[in-house]
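What follows is calculated from the coordinates using simple rules that are stated; it is not laboratory data. Note that the coordinates shown come from a computational prediction; the quantities given were computed from them, not determined experimentally. Heads up, the Cβs are rebuilt from the backbone with ideal geometry, glycines too, and the neighbour counts pull from every protein chain shown.
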Amino acid sequence: MRCALCGRCLDKAAMFIGQLPVGPTCARRHGLMAKARKRFGSLWVNSQHVPRAGRPRPDTQTLDLFEAAA
């Protein structure tokens, strides 16, 4: 997959213009992320790329590795 604006290879697209992928650096440089979050025209954010806000919750189901050693 290549960025539609600069042509660099991408692992994951930060956003799309129609069906054309755009990398995170180009999206920030051109100010497209704010517009894509508002669904301006055919711009949309790749929901798999957007970092989630907040702290991670501890896993209550997994036992500690060295719990019995202490």
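Label positions at R2 and W44, each projected 7 Å from the Cα along the C-beta direction, are separated by 2.5 nm. Under a 5 Å amide H cut-off, with hydrogens placed 1.01 Å from N, M15 pairs with V22, N46 among residues at least 5 apart or on other chains.
Averaging sequence separations of C-alpha pairs under 8 Å and six or more residues apart, then dividing by the length of the stretch 1-48, give the relative contact order as a whole percent.
On the way: 68 pairs, mean separation 15.8, N = 48.
After rounding, I find 33 percent.
Counted residue by residue at 0.36 nm each, then reduced by the alpha carbon distance between them, the extension gain from L63 to L20 reaches 11.1 nm. Which cross-chain or sequence-distant (5 or more) residues have an amide H under 5 Å from the amide H of R2, H modelled 1.01 Å from N in plane? So R2 has HN proximity to L10.
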